[in-house]
1. Relative contact order for the range 1-96: what is it in percent, counting Cα pairs under 8 Å that are at least 6 residues apart?
2. In sequence order, what are the phi-derived ³J(HN,Hα) couplings for the range 148-163 according to the Karplus relation 6.51 cos²θ - 1.76 cosθ + 1.60 with θ = phi - 60°, rounded to whole Hz, with x for glycine and proline?
3. Please list the equivalent ellipsoid semi-axes of the range 495-560, computed as the square roots of five times the alpha-carbon gyration tensor eigenvalues, in descending order and whole angstrom.
4. May I ask you to order 448-460, 63-75 by the average number of other C-beta atoms within 10 Å around their residues, highest value first?
5. Roughly how many nanometres apart are two label points built 7 Å out from the Cα toward the Cβ at GLU452 and THR528?
6. On the Cα set of the range 41-109, report Rg and Dmax in Å, please.
7. Can you give the net charge of the other residues whose Cβ lies under 15 Å from the Cβ of ALA138, counting K and R as +1 and D and E as -1?
8. Hey, with R₀ at 51 Å, roughly what FRET efficiency would ASP410 and LEU167 work out to, going by the Cβ-Cβ distance, to 0.05?
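Laboratory data are not the source of any read-out in this text; all were calculated from the coordinates shown. All values reported here derive from a predicted model rather than from experimental measurement. Methodologically, a virtual Cβ is constructed for each residue, glycine included, from the backbone with ideal geometry; neighbour enumeration extends over all protein chains shown.
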Amino acid sequence: MKPFDTPERGSLRALLPALGAHRVMVARTFAAALTEQAALVTLVTLAAHTVGAAVMERTPPSTTVVGALMALVLVRALATWREMDLSHDLAYRVLAELRVRVFDGLARSAPARIGGRHSGDLAATAMGDVEALEFFYAHAIAQLLAATTVFGVGTVGLAVIEPQMLLVVLPVAVLLVLAPLVEGRGRTARGARTRAAAAELSAEAVQTVDGLRELLAFGALRRSRSRLAAAGEDLAAAQRAEQSWEAAAAAVREALVVAAVLGVVAIAARAVTAGQLDGAWAPAAMALGLGILAPAAESAAALGRAGGLRPAAARVRAAITAPAGTVESPAPQPVPAGPLGVRLRDVRFDYGGTTVLDGLDLTVQAGETVALVGTSGAGKSTCAHLLARFWDPSHGAIELVPADGSAPVDLRHLPESELRRAVAVVGQETPLFHGTLADNLRLAAPEATDSELAAVARGCGIDRFAPSLDIHVGERGGTLSGGQRARISLARALLGSPRVLVLDECTAHLDTAGDAELAAALAAASATRTTIWIAHRPATIRRAERIAVLADGRIAEEGTWDQLIFRGGAFARVMVAEPAEASARVTR
């Protein structure tokens, strides 16, 4: 199993503000829990006193006492039901909000935060870790407050009956509460191990399901199954260690409570023998001592279990508070009207110290088609990600330049929603979502009509393999070939009518005829659209009005195909290093 980190204290406290919008429900839950616990303590104490009085005085209980006991039974039953209903309603409302906030945090910080992480690991945070907090919100807050109140009032009653009994009850109560706090680090470590194992199992399971075809094709299913089984064994071992400790802690709590009750009985017996206590109150004192210690023991158990939830809380908190990959402008500007060009000015960018772009300057005029080429790792896809504003450059600026000559606008000053409508980036591996073909196309334009969908489908050749837009594409487009997914992803981008379109090897899965067909569809779609092709295929590069060669983090040379191919410079070296036959990897 991979190593795990033990979170710092305060992770659970940091999630308490999630209850802020539910103050009324928290108060109602506390009232129900207080009623339930108070009714139980009163019931057992009164019942014990009634039995003691009947034994000592040989008289049956009065009708009033019997009615009170019956009323207490009914009140406790109703309060227990109401407390369970309210506490879980509260918890599930909070969890629903936390899931959305986790998703928002991941979306806000993507792709920097989620890069390199398993989708199963992310799902474990969004679902498993949030779900684990159900106990904290449903059982560990209102109940702790109610138990503290009942214990405080109960100790006063016990002091009235026989003050010496507090010498036994109070030390035991302190031990019950302090034990989980003192041992909190160990509980947190065991909880961290369990959450890490659960995340690893989730990641392994999702990866196995996603790659099932490849695993079967290469005979690696047995090895993957072994890894999955090992991850399951790690999780089972972590859960056993955690539950074994909890069982031992529960046994210690029970022993402390029993010891306290025996002490109360001994003190009550001595007080009755000495004539300091009415014999009818001896069983009542024992019942009251047990009644106020039971909630204290439950509180100790809740505190202990909450300590084990700290790792889940830390992961949820980290996802919610993840810093944004890009920062919204405090004074956003609208996207200029009309055709737009693109300008990258002295752009520098690195991935954690590895410089990719080093003073890049590139201007693409409105309506121009430019091919951006370079060897693998030169930074071409980084340029696409910066144009999509997945990241911001560490230096320099990326601007949209209006064709009418008005002032350019830095991408950092644009509202995200307007940027997404103006600039579209289509990658080589654009996943599709489970649903119909129409659903996937409408991601870019939810208001698109059926006729608009049909038109863009014909233009991109989708109608050849999908006679109806209502067919289901399967999760991640698993029922389609790479070439078919490429057509759909391009059609989806075109449906949104972007004014700047960045194509990052999106036709790599198509053969030469398919590539030419989509190029024709792009040319027919809009003569004013600015298009940046990131490509290796010579036929694709040839169609560009201008070619920009990226090398050593900068534009090494620019020009047309005819100007560059015979110059023997950076472009010629790229064409030699990246022959078409090696880069196409054609699939239909």
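1. Numbers: 48 pairs, mean separation 40.8, N = 96.
It comes to 43 percent, rounded to a whole number.
2. Running phi through 6.51 cos²θ - 1.76 cosθ + 1.60 with θ = phi - 60° gives 5, 5, 5, 5, x, 5, x, 5, 5, x, 5, 5, 5, 5, 7, x Hz.
3. Numbers: eigenvalues 85, 47, 24 Å².
Semi-axes, largest first: 21, 15, 11 Å.
4. On the way: 448-460: 16.4, 63-75: 13.3.
Final packing ranking: 448-460, 63-75.
5. Placing both labels 7 Å beyond Cα along the Cβ direction yields 1.7 nm.
6. Rg then Dmax for the range 41-109, in Å: 23.1, 75.
7. Details: positive: ARG28, ARG82, ARG93, ARG305; negative: GLU36, GLU83, ASP85, ASP89, GLU97, GLU131, GLU134, GLU298.
My count for the surroundings of ALA138 gives -4.
8. Working: r = 73 Å, r/R0 = 1.44.
Step by step, r from the Cβ atoms, then E = 0.10.
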